[in-house]
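Every number here is computed from the coordinates shown, using simple stated rules; none is lab data. It should be emphasised that the depicted structure is a prediction, and the values quoted were computed from it without experimental measurement. As a convention, Cβ positions derive from the backbone with ideal geometry for all residues, glycine included, and neighbour counts pool all protein chains shown.
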Amino acid sequence: MALINSILTFIFITIISVTGVYILTGLTGMFSLGQASFMALGSYVSAIMVTRLGVPFIPACIIAVVVAVMIGFIVGLPTVRLRRDYISLVTLGFGEAITSLLNQFTKLTGGASGFTGIPKITNVWIAGGSAIACIALAAFFKNSKYGRQCIAVRNDELAAKSMGINAPRVKMVAFLTSVAITAFSGCLYAFFTTYVDPSLFGWKKSAEWIIMVFFGGSNSLTGSILGTFLLSGMPEVMRALAEYRSVVYAVLVLLIINFKPSGLLGEWEFTLRNIKALFHRRKPEDDNDNYSDTSKEIKNDGTIRS
Amino acid sequence: MALLEVEHLYKSFGGVKAIQDFSFLIDPGEIKGIIGPNGAGKTTIFNVINGIYEADAGIITFNSEDITNDEQYKRTLAGIGRTFQNIRLFKGLTVLENVQCAFDPVAKYSIAECYLPLPRRIRAEKENRKKSESFLEMVGLEKFKDQKPENMAYGLQRRLEIARALACQPKLILLDEPAAGLNPTEVVDVSHLIKRLADEMGLAVMLIEHRLELVMSISHTITVQNFGETIAVGAPSDVKNDPKVIEAYLGRGDA
């Protein structure tokens, strides 16, 4: 039972991080290879607040998120005006810089040997509740004016700008939202494992999150979460396979990316309307009929007018 | 003062002089066509007016304000809408959402409300949807509002682009080959639509088009571009018979 609880808690925490990555990568099309460093910031800041300064857990989390967002803003300022590929380079550099800084400031962070003595506060209920809250936040964001603008910017930045969309601002909002969510997942992580060290937050972690988003469907929040659940849960389920787990993982990811490039769920979202549609699926021919009808009308219109 | 005043505009890419000394005036309710062979720099003119490219020299005044160095999105908010030669709709969004995007930059709710559906957001969203639907109705696409734009016929995508540009509530609309790839009946439809934009809605319309019968029939004046230079300006009937224009289109005769 304790094992299942701990696996679930880890999955929930990863889901929170990936929700942040979904907003950044899935929704806005920005690839950050330094996203894990914001999780590190969340972990370390909240841990230092609680253990060194005696701040209670919840205010410590809020402070950690605010600090991460402020640092994110500084990183974001030059980044959001760049093209996609350069964004990943800048964030990669930043992320690696953060991990080396954490290694250097031994007095404050414990350096490479890690930060110990964090009280255990996070449990499966806190992690699960937080995950649901973050997913709801992201879902509301997706359907808001910024969500639509994010998708517009991802699809065609030029066209988005000529619709009056301030692309750098939209990217910044998405970036900071994802930073806040990822930093929060770091707080939960630190207070669950009671120990963090810089090597946990390298670029590989960020890349893993991006894989999870693409595995489940980069255009679907539901898909991203499902992808996370499968990919982070699978290694635990297959403990018996030992090293072959990574092989299975890699093969699975390759299969999906090759045969379903839009991910497991594509663009499908878990909403009441889509569930209903699943059960009363309209036949494709109906759609076609509709279609030709209207085009006929237009034609009639045209001939009457001309 | 005219709505849009372009004075002595220059733009080159490396050694290619895409625009040379281009001047242009347009007022509300006018339709002005720009024609010319391929590579004459027509779309570049739109891109400079719209802010995709910066002008090398020249002044662009819109609504009595100098917008020459403004950012692209600011020019749209100031009232310049446009469509693209190669349709550029947002693929991840539905037809309705594509139009809604035009209202989003000016939607009246805060960032905090993007994370929580508070009453003000719900009201603003409803209003946006209603307004967007009215623009879809204007171009006859209300039945397709929940479809994905990439699944629609080409002609309908063109209409959607116009609806999306109109939803930005422009005073000036730049239409870049709105009839390209359309069948004859659709062309008639589009030309009616463009006329309505100028006559009923009082928009200034700048039109790039290769279908001469369309431009000639609805434009008030026509500017002919060739290799970045303006070679003729005038009423459609005058331009049609201008020897320079005939030469640019057909080449010089032997005689």
Those lysines that a straight Cα-Cα span of less than 23 Å connects to A:K107, excepting residues fewer than 8 apart in one chain
A:K120
Tell me, what ³J(HN,Hα) does each residue in segment A:58-64 have, in order and in whole Hz, if you take phi through Karplus 6.51 cos²θ - 1.76 cosθ + 1.60 with θ = phi - 60° and put x for Gly and Pro?
5, x, 4, 4, 4, 4, 4
About its Cα centre, chain A carries a charge dipole, from +1 on Lys and Arg Cβ atoms and -1 on Asp and Glu Cβ atoms, whose size in debye to the nearest 20 is 440
Eigenvalues of the alpha-carbon gyration tensor of the protein assembly as shown, times 5 and square-rooted, give semi-axes in Å, largest first, of 52, 27, 20
Segment A:146-258, Rg to Rh (Cα coordinates; Rh as Kirkwood inverse mean 1/r):
1.05
Mind telling me which of B:F144, B:F62, B:F84 comes out most flexible in a GNM of chain B, alpha-carbon contacts under 10 Å?
B:F144
Placing unit charges on C-beta atoms (Lys and Arg positive, Asp and Glu negative, everything else neutral), compute the dipole magnitude of segment B:204-255 about its Cα centre in debye, rounded to 20.
40
For segment B:103-230, the Rg and Dmax computed from alpha carbons only, in angstrom:
17.6, 56
Segment A:109-155 - Rg over Rh from alpha carbon coordinates, Kirkwood radius:
1.29
Residues meeting the amide H criterion for B:S23 (H placed from the backbone, H to H distance under 5 Å, 5 or more places apart or on another chain) are B:H8, B:L9
In the Gaussian network model of chain A, springs joining C-alpha atoms below 10 Å, which of A:K276, A:K107, A:K204 carries the largest mean-square fluctuation?
A:K276
Overall dimensions of segment B:194-255 as given by Cα atoms, namely Rg and Dmax in Å
13.4, 49
Take every DSSP beta bridge whose two residues both sit in the protein assembly as shown, then give the antiparallel share in percent to the nearest 5.
55
Less than 19 Å apart at the alpha-carbon level, and either on another chain or at least 8 residues along: which lysines does that give for B:K195?
A:K299, B:K32, B:K171
Among the aspartates and glutamates, select those whose C-alpha is under 12 Å from the C-alpha of B:K145, and discard any that sit fewer than 8 residues away in the same chain.
B:E97, B:E133, B:E137
Pairs of alpha-carbon atoms within less than 8 angstrom and 6+ residues apart define the contacts here; what relative contact order does chain B have, in percent?
28
Sequence-distant residues sharing a close amide H with A:V196 (under 5 Å, placed H)
A:F115
What is the log10 of I(q)/I(0) for segment B:162-203, computed with the Debye formula using one identical point scatterer on each Cα and no solvent, at q = 0.23, 0.26, 0.35 Å⁻¹?
-0.81, -0.98, -1.27
For segment A:31-176, averaging the sequence separation of alpha carbon pairs under 8 Å that lie six or more residues apart and dividing by its residue count, the contact order in percent is 27
Find the eigenvalues of the gyration tensor of the Cα atoms of segment A:1-144, then list the square roots of 5 times those eigenvalues as equivalent ellipsoid semi-axes, largest first, in whole angstrom.
25, 22, 14
Square roots of 5 times each gyration tensor eigenvalue, C-alpha, chain A, largest first, Å
39, 24, 17
When the Karplus curve 6.51 cos²θ - 1.76 cosθ + 1.60 is applied with θ = phi - 60°, which whole-Hz ³J(HN,Hα) does each residue of segment B:10-23 get, with x for Gly and Pro?
10, 7, 10, 10, x, x, 7, 8, 6, 9, 10, 6, 9, 10
Stokes-Einstein D for segment B:1-129, Kirkwood Rh over Cα pairs, 25 °C, 0.890 mPa s (µm²/s)
143
Partner shielding of A:151-161, as the mean number of partner chain Cβ atoms within 10 Å, equals 6
Mind listing the phi-derived Karplus ³J(HN,Hα) values for segment A:104-111, rounded to whole Hz, using 6.51, -1.76 and 1.60 with θ = phi - 60°, and x for any glycine or proline?
6, 7, 4, 4, 7, 10, x, x
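For the pairs A:K171/B:K126; A:K145/A:K171; B:K91/B:K148, flag any whose C-alpha to C-alpha distance is greater than 18 Å.
The pairs that break the limit, which is 18 Å between Cα atoms, are A:K171/B:K126.
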